[in-house]
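One structure, pasted below without further comment.
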Amino acid sequence: WFFVCLMVETLFFMQVVAENMLGDKKVTVVFVLGGPGSGKGTQCSNIVEHFGFTHLSAGDLLRAEIKSGSENGTMIENMIKEGKIVPSEVTIKLLQQAMIKNENDKFLIDGFPRNEENRAAFENVTKISPAFVLFFNCSEEEMERRLLGRNEGRVDDNIETIRKRFKVFVESSLPVIEYYDAKDKVKKIDAAKPIPEVFEDVKAIFAPYAKVIV
Ligand code: UDP
Ligand code: MG
C-alpha cells in the first residue's frame, strides 16, 4: 500500500510539475488581448521596462516570418492583408521557438490566442496556461482613429482591412476572453484613456510581478 500511494503521489506531482514547463524552465505567461489599436504593443513595452517580462507579439513574429522568406511567407502575408487568422500551428511554433530561445521565464504574449482553436491548440501543444489575461477594452471609434493615425506602413492598416479585423475580433477573439473570464483570469483595463493613465492601471496589476531587488 505504501508503494501504491507513493506511485500515485509521484504521478500526481509529475503532472503538476509538467504544467507551464518549457524544457527545464518553468514559465509565467500573460496573454495580452484587445482589439486592433487598443494599445497592446505600447503597453507591453512599458511592462517590459518596469517588470522584466519579454514581449512576444504574435503579429510581429508573423511579419518577421514573411520577411525571412520562409515557405509560409506568402500564405501568412495574404492572411494578414485580409485580416484573417493564420493557422495556429504556424503561430504556436513561432511563439514556442521564441520562448525557448530566450533565457527569460516571464513572457507577454501579445495578440494571441485570437480564436478558440488558437487557445485550445496552444494549451494542448505547450501545456502552458496563462497566469492571467490582460484585456485592453476600447471602443471601435477610438481604435479606428489610432490605427489610421499610426504610420507604420502596415499592409493591414487601411480602412477596408481594419473593418475586417474588427469583425474577426468580435466574432472570434472575444469568445477567448469570455472563456478566461469564466475562469476568473481576465484583468480588464479601460484602454481608451491616455497612455500614461492606462499604464497606471497596468502597473497595479503587475505589482506582484515586480523585480525583487536584493
Ligand atoms: N495574426 C494572426 N494570428 C496571431 C496574431 C496575428 O493571424 O496570433 C495576423 C492577423 O491577420 C492579424 C494580423 O496578424 O490581423 C496583425 O496582428 P497584430 O497583432 O500585429 O495586430 P493588432 O491587432 O495588434 O493591430
Ligand atoms: Mg500589435
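Translational D (Stokes-Einstein, µm²/s) of the chain at 20 °C and 1.002 mPa s when Rh comes from the Kirkwood sum over C-alpha pairs?
Roughly 116 µm²/s, to the nearest whole number.
Starting at the first residue of the range 71-83, write each ³J(HN,Hα) from the Karplus equation 6.51 cos²θ - 1.76 cosθ + 1.60 with θ = phi - 60°, in whole Hz, x for Gly and Pro.
Per residue, the Karplus-derived 3J(HN,Hα) values read 5, 8, x, 5, 4, 4, 4, 5, 5, 5, 4, 8, x Hz.
Turning to a different aspect of this structure: Can you tell which of F51, P113, G69 lies farthest toward the positive end of the dipole of the range 25-125, using +1 and -1 charges on the Cβ of basic and acidic side chains (Lys, Arg; Asp, Glu)?
The one lying farthest along the dipole's positive direction is F51.
Given Cα pairs under 8 Å that are at least 6 residues apart, what percent is the relative contact order of the range 1-125?
It comes to 36 percent, rounded to a whole number.
Further question: Cα to Cα, under 29 Å, and not fewer than 8 places away if on the same chain: which lysines meet these conditions relative to K101?
Qualifying lysines at Cα under 29 Å: K25, K26, K40, K67, K81, K84, K93, K127, K185, K187, K203, K211.
If you don't mind, there's one more thing I want to ask. Based on DSSP, what percent of beta bridges with both residues in the chain are antiparallel, to the nearest 5?
10 percent
Can I ask one more? Taking a cut-off of 19 Å between Cα atoms, list the aspartates and glutamates near K183, but don't count ones fewer than 8 places away on the same chain.
Cross-link targets: E19, E116, E117, E123.
Now for a different question. Note down the magnitude of the dipole of the chain about its Cα centre, charges +1 on Lys and Arg C-beta and -1 on Asp and Glu C-beta and zero elsewhere, to the nearest 20 debye.
220 debye
Another question, then. On full extension of the chain, what length is gained from K25 through D105, given 0.36 nm per residue of separation minus the C-alpha to C-alpha distance?
The K25-D105 span can extend by a further 28.1 nm.
Expressed as an acute angle from 0 to 90° and rounded to the nearest 10, what is the orientation of the C-alpha long axis of helix 116-126 relative to the principal long axis of the chain?
Roughly 40 degrees, rounded to the nearest 10.
FYI, it's all coordinate maths here, none of it is from the lab. Owing to the predicted nature of the structure, the values given are computational and were not obtained by experimental measurement. Because the Cβ atoms are built from the backbone with ideal geometry, glycine has one as well, and the counts that use them run over all protein chains shown.
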